Amino acid sequence: MEWRGRRESNNIEDRRGSGGGAGPGGGGFRIPIRAGGGGGIGLIIILAVLWIGFGINPLSVIGMDGGGGGTTQTASNIGPGVDGTADETDDFIAVVLADTEDVWNARFQQMGQQYSEPTLVLFDRQVASACGNASSASGPFYCPGDRKLYLDTSFFRQLSDQLGAPGDFAQAYVVAHEVGHHVQNLTGVLPRTTELRQQASETDANAISVLVELQADCYAGIWAHDTKNAGTLEDGDIEEALNAASRIGDDTLQRQSQGSVVPDSFTHGTSAQRVEWFRKGETTGNMKACDTFGGRL
């Protein structure tokens, strides 16, 4: 992805080093980094999505494995798809966020509406949001309560090394997916689906969550479509995003972590579904094509 020297978003809030307290939970709509297991998945607005082992020491993810108590940015925070320093990773994120702003400002204007740009919060180890407290182990997430995206850039290293999804456009997909949840919030999808989940059984609530996540993937594809048309993509970029979508499917994560798949516990969709809906947005460039709910909302 061609990103150097391009406009950077000002909607970045850097909380790294603030040491914001975090409990074991955390809410919001997130990129999964572990397979769901054990008991049921509750409402992800209110409760944290609980993950079981992926062969990763969670203490090392949040930097509490005896390596010192500092919270300053280190080389482990550098995204593998971005050459150079941690500062360059920050610049890259700011450019990607600016791209999403350009895309969705234009899209909302076409619909006769005004796009309210979200804030992206950079944090390390732990963070407090309107959706509750969260740690880096929870992965990136969007909180509809404060309309902010939350990201510890150390996730990019995990995305590449442990989830098998390297590349700068894989990282850009992560940001674009969370922005997709913001679009859902502005269009009323998140409030409506939260209400539906509260009235549903656990299995049905999980199924609704899958549809929400797949639409966010499709909206990330819309962003990729418009960014491609703007001429800033490079060969292999779309493939990096598709690979990332595949690597974080519920079935893939569950199979790797527990050796079996429990479809009723899916909250984000299978690898095939995530690839399909990202591809649908990327190829059509049509928001109407992203109706994962089949007109039922």
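The values are calculated or read from the model by the stated rules, or taken from the named source; none is laboratory data. Computed from a predicted model, the values in this text were never measured in an experiment. Every residue, glycine as well, gets a Cβ built from its backbone with ideal geometry; the counts of neighbours run over all protein chains shown.
If you filter the stretch 64-90 down to residues that are at pLDDT 55 or above, more than 24 Å from residue 183 (Cβ to Cβ) and assigned to a helix (DSSP H, G or I), you find that the one that is nearest to the chain's Cα centre (by Cα) is 89.
Selection of the stretch 121-136 for residues being surrounded by 24 or more Cβ atoms within 10 Å (Cβ to Cβ) and outside any strand (DSSP E or B) yields 123, 124, 131, 136. Looking only at the stretch 228-237, which residues are touching a Phe, Trp or Tyr at 6+ places or on another chain (Cβ under 9 Å) and surrounded by fewer than 21 Cβ atoms within 10 Å (Cβ to Cβ)? Of everything in the stretch 228-237, those that are touching a Phe, Trp or Tyr at 6+ places or on another chain (Cβ under 9 Å) and surrounded by fewer than 21 Cβ atoms within 10 Å (Cβ to Cβ) turn out to be 232, 233, 234, 236.
Filtering 138, 154, 129 for residues that are at pLDDT below 95, among the small types (Gly, Ala, Ser) and within 21 Å of residue 269 (Cβ to Cβ) leaves a single hit, 138.
Yes/no per residue for (1) under 11 Å from the mean Cα position of the chain (by Cα); (2) crowded, with 24+ Cβ neighbours inside 10 Å:
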{"position": "119", "(1), (2)": "no, no"}
{"position": "142", "(1), (2)": "yes, yes"}
{"position": "164", "(1), (2)": "no, no"}
{"position": "185", "(1), (2)": "no, no"}
{"position": "191", "(1), (2)": "no, no"}
{"position": "221", "(1), (2)": "no, yes"}
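Listed by first and then second residue, the pairs linking a residue in the stretch 186-207 that is at positive phi to a residue that is aromatic (Phe, Trp, Tyr) and assigned to a helix (DSSP H, G or I), with Cβ atoms under 6 Å apart and 6 or more places separating them unless they lie on different chains, form an empty list.
Here's the yes/no breakdown for (1) touching a residue at least 12 places away in the same chain (Cβ under 8 Å); (2) surrounded by 18 or more Cβ atoms within 10 Å (Cβ to Cβ); (3) in contact with a helix residue (DSSP H, G or I) (Cβ under 7 Å, 6 or more places away or on another chain); (4) under 26 Å from residue 225 (Cβ atoms):
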site	(1), (2), (3), (4)
258	yes, no, no, no
265	yes, yes, yes, no
269	yes, yes, yes, yes
284	yes, no, no, yes
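Condition first: in a strand (DSSP E or B) and either without any contact (Cβ under 8 Å) to a residue 60 or more places away in the chain or among the small types (Gly, Ala, Ser) (or both). Can you find one or more residues in the stretch 175-183 that meet it? No, because not a single residue in the stretch 175-183 is in a strand (DSSP E or B) and either without any contact (Cβ under 8 Å) to a residue 60 or more places away in the chain or among the small types (Gly, Ala, Ser) (or both).
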